[in-house]
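**Student:** Take a look at this one; I'll ask things after.
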Amino acid sequence: MGEHDVDPFAQATVAVQNVHVRYRVPSTDAAERRRGANFVKRAARTVLGNDPKVLVRALSGISFVAKSGEQIGLVGQNGSGKSTLLRIIAGLENPAKGRVLAESTPVLIGVNAALVPDLSGEQNIRLGCLAMGLTPDQADAAVPEVKQLAGLGKSIYLPMKTYSSGMGARLRFAIATAANPHILLIDEALATGDAAFRERSEARMQGLRDGAGTVFLVSHAAQTIEETCTRAIWLNHGRLVLDGPAQDVALRYRKWAWAVAKDKPDEARTIIEKAFAEREQTHVQVEESQAPRQYNARHVRPSGVRSTDRKK
Amino acid sequence: MHAMSAPVPPLQPTSSPTPADVSDLYAEVFKKQPASLEIVSTGRLKQVGARPPIRDYIRQLWGRRYFLWAEARAKVTSGTRETLLGQAWLVINPILNGLAYYLIFGLILDTRDGIPNFLGYLIIGVFLFQFTTQCVSSGAKSIQSGRNLIRAFTFPRASLPISVVLRSILNLVPTIGAMFLLIVLLPDHETWTMAALLFPVVLVLQVFLATGLALLFARLTTIVPDLTQLISVAMRIWLYASAVFFSIDRFAEYPSIVGLMEANPMYMVLDAARDCLLYATVPDASTWIGLSTWSVGALLVGFLFFWQGEESYGRA
């Protein structure tokens, strides 16, 4: 597994540059209701039945670069920003600050993407393929393969709203991989599948990575990350704690999670602070490309590189 | 290739013993971690979720035409899927609607308002106005109701309001069939002339108008969600301002009201459609010019306005 980390020819597929995400959301916290607002504002809230809005920092200052052939696991407790990060990478949401660059359009398999609940699984496959930009012929050609990967048997002809969460997740995974995406983002989608499906889906992901793709995987189970990923990123309260080889990161995360679960806050803090201190911070610098030229002499460096050299 | 990583010892003093000591010292003093620099080029990597230029946007939309069509078709039938008569309702419903109007306005109230062929007048008004109402009100909710698709797939978001319009067009086909049936069968017979051939042109202009409004309100409601509550009221006022149930001659004494109503694009649509189908006249040039201006203008403004907000819909 580790050999991917040192591959010098791996190309960057995703670059996340200093991404910040903030939400303004209503809060029913009584303390929040009392705080800050003057009488008029509070009265207006009471009359309109609105809750005060609070600022939630879902992600702050996330930077990293993913390379081709990597399978990156995202670990962290609930609400640590893993799913938000995936949505940002997929381009479904835009960050308040920073930006994300990708080699091709990333495909996200989310937990709550119910597609069209009234339609049958089969119709959803076709619709999903068309939504990803396939032509009707390509979509029709992809349908049997998707059906086989999902492995839902006769249930594929039933409306999707009758599916269990596991069945829905299997179908979504199968649809998302139909277009052979180079960058695949999986949000807990495989956690609900059974053993047979897990094996098939892992084979499929391996296939995508072999084709120089990159897979991002969110999972609470650090063991899954350890077993299947080459690299792991640990998020805590929207901050990047550690970014490194999957085994090391997942092991530390498990120790930390164990300490939290056993109600040993001091031990947990020590682990997380140590990880913070040892982390190698990544700065991503985006170089605006010049207009493409027919021929670039090997010894002629783009001026952008030189200017960054000077900064060092 | 483009992504190379090089360790950058941050702000280190030049006369230092070893780099390791310095980075440790630095971490101690400034509570900062060592950093590495990754350089990527926009030549190979493209920003995700960025709004494409308008030309690319239109090209992407055109590329998704099969998706739009499939989605519209799926949604049309999904409304009647759980009924016993299924798709037959798409035809039965407008016929029953028309008969209800015939019952109330033609038989019970008998309010003709001096309008020749009042039932035809009424049915054209009600059915065509219904199309605009449907486009605007479901178009306004299209981002909200398409949230699952938005969160699952990357596609030009204008697909959603446009697919709502397509769905309404699919609904309109049986409605127009029912409309012709009722106009022909119900009393007051009309003479068919070549003017009736202009009716499809009126419809196309109405579709442009409705698409523009659907796009416009789709974005507006993502900015101010409260608008969804107002739209139904606004559509009702517009209905009465478009002379659906009565004749504009009622306001002959108030030229300002007549002027306002005649500038209203839906009045122009209904007026032109009635001229073509009921009264065997070719609509005035002023109607054509006014309606085309409204329709093309609404489509352009709505499309550009929606496109400008392309990056904001993921959060809706």
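Every number here is computed from the coordinates shown, using simple stated rules; none is lab data. None of these values were measured; they are calculated from a predicted model. Heads up, the Cβs are rebuilt from the backbone with ideal geometry, glycines too, and the neighbour counts pull from every protein chain shown.
**Student:** How high is the FRET efficiency between B:Lys46 and A:Gln223 when r is their beta carbon distance and R₀ equals 35 Å, given to the nearest 0.05? Working shown, then result.
**Tutor:** Details: r = 35 Å, r/R0 = 1.01.
According to the calculation, E is roughly 0.50.
**Student:** If you don't mind, another one. Mind checking segment B:210-316 for GluC sites (Glu not before Pro) that DSSP puts in a loop (not H, G, I, E or B) and that have at most 15 other Cβ atoms within 10 Å?
**Tutor:** Numbers: sites: B:Glu253, B:Glu262, B:Glu310, B:Glu311; in loops: B:Glu253.
When the GluC sites (Glu not before Pro) of segment B:210-316 are filtered for loop state and at most 15 Cβ neighbours within 10 Å, B:Glu253 remain.
**Student:** Starting from the Cα of B:Ser247, step 7 Å along the direction of its Cβ; do the same at A:Lys264; then give the gap between the two resulting points in nm.
**Tutor:** Here the answer is 9.2 nm between the modelled labels.
**Student:** Provide a whole-number value for the mean count of partner chain Cβ atoms within 10 Å of the Cβ atoms in peptide A:92-105. List each step's numbers first, then the result.
**Tutor:** Working: counts 10, 8, 11, 1, 0, 0, 0, 4, 6, 9, 6, 5, 3, 6.
Per-residue shielding by partner chains comes out at 5.
**Student:** Now for a different question. Could you order the peptides A:145-152, B:230-237, B:98-105, A:38-45 from most to least packed, using the average number of other C-beta atoms within 10 Å per residue?
**Tutor:** On the way: A:145-152: 18.6, B:230-237: 12.6, B:98-105: 16.1, A:38-45: 10.9.
Ranking, from highest mean packing down: A:145-152, B:98-105, B:230-237, A:38-45.
**Student:** Here's a follow-up. Once each part is reduced to its C-alpha centroid, what is the distance from segment B:264-283 to segment A:48-79 in angstrom?
**Tutor:** 56 Å
**Student:** Same structure, new question: Taking the alpha carbon gyration tensor of segment B:156-234, what are the square roots of 5 times its eigenvalues, largest first, to the nearest whole Å?
**Tutor:** Details: eigenvalues 214, 43, 26 Å².
In descending order, the three semi-axes are 33, 15, 11 Å.
**Student:** Between segment A:114-134 and segment B:87-130, what is the separation of their alpha carbon centroids in Å?
**Tutor:** Centre-to-centre (Cα) distance: 38 Å.
**Student:** Related question: What FRET efficiency comes out for A:Thr28 versus B:Ser78 if R0 is 51 angstrom and r is the Cβ-Cβ distance? Round to the nearest 0.05.
**Tutor:** Numbers: r = 36 Å, r/R0 = 0.70.
Once the sixth-power term is evaluated, E becomes 0.90.
**Student:** Right, here's the next one. With unit charges on the beta carbon (Lys/Arg positive, Asp/Glu negative), name the residue among B:Leu260, B:Val296, B:Thr281 whose Cα is farthest towards the positive pole of the charge dipole of segment B:244-316.
**Tutor:** About the Cα centre, the residue reaching furthest to the positive side is B:Val296.
**Student:** Expressed in nm to one decimal, what extension gain is obtained for the pair B:Arg65 and B:Ser312 from 0.36 nm per residue of sequence separation less their Cα-Cα distance? Show your work: numbers first, answer last.
**Tutor:** Numbers: separation 247, 0.36 × 247 = 88.92 nm, distance 2.26 nm.
Answer, rounded to one decimal: 86.7 nm.
**Student:** List the pairs from A:Lys82/B:Lys75; A:Lys82/A:Lys274; A:Lys82/A:Lys262; A:Lys67/A:Lys97; A:Lys53/A:Lys82; A:Lys154/B:Lys75 whose alpha-carbon separation is above 27 Å, in the order I gave them.
**Tutor:** Numbers: A:Lys82/B:Lys75 33 Å; A:Lys82/A:Lys274 21 Å; A:Lys82/A:Lys262 23 Å; A:Lys67/A:Lys97 23 Å; A:Lys53/A:Lys82 23 Å; A:Lys154/B:Lys75 23 Å.
As for pairs spanning more than 27 Å Cα to Cα, those are A:Lys82/B:Lys75.
**Student:** May I pose another question? Report, in whole Å, the centroid distance computed from the Cα atoms of segment A:166-225 and segment B:242-261.
**Tutor:** 63 Å
**Student:** In the protein assembly as shown, what percentage of the DSSP-assigned beta bridges are antiparallel, given to the nearest 5? Please report the intermediate quantities before stating the final value.
**Tutor:** On the way: 30 of 53 bridges.
Roughly 55 percent of the beta bridges in the protein assembly as shown run antiparallel, per DSSP.
**Student:** Over all residues in A:176-187, what is the mean tally of Cβ atoms on other chains that come within 10 Å of each residue's Cβ?
**Tutor:** 0
**Student:** Just grab the label-to-label distance for B:Asp188 and A:His283, each label 7 Å out from Cα along the Cβ direction, in nm (one decimal).
**Tutor:** Inter-label distance under the simple model: 7.9 nm.
**Student:** State to the nearest 20 debye the size of the charge dipole of the protein assembly as shown about its Cα centre, where the only charges are +1 on K and R beta carbons and -1 on D and E beta carbons.
**Tutor:** Numbers: 65 positive and 53 negative charges, 297 e Å.
Approximately 1420 debye in magnitude.
**Student:** Excluding B:Asp271 itself, calculate the net charge of residues whose Cβ lies under 14 Å from the Cβ of B:Asp271, where each Lys or Arg counts +1 and each Asp or Glu counts -1. It would help to have the intermediate numbers written out before the result.
**Tutor:** Details: positive: B:Arg274; negative: B:Asp249, B:Glu262, B:Asp275, B:Asp284.
Taking every other residue near B:Asp271 into account, the sum is -3.
**Student:** Additional query: Count, for each residue of A:128-135, the Cβ atoms from other chains sitting within 10 Å of its Cβ, then give me the mean as a whole number.
**Tutor:** Details: counts 4, 4, 10, 12, 6, 8, 4, 3.
Mean shielding by partner chains, rounded to a whole number: 6.
**Student:** Right, here's the next one. For a protection proxy built on the mean count of beta-carbon atoms within 10 angstrom, sort A:57-66, B:37-46 highest first, please.
**Tutor:** Details: A:57-66: 20.6, B:37-46: 18.8.
Packing proxy ranking, top to bottom: A:57-66, B:37-46.
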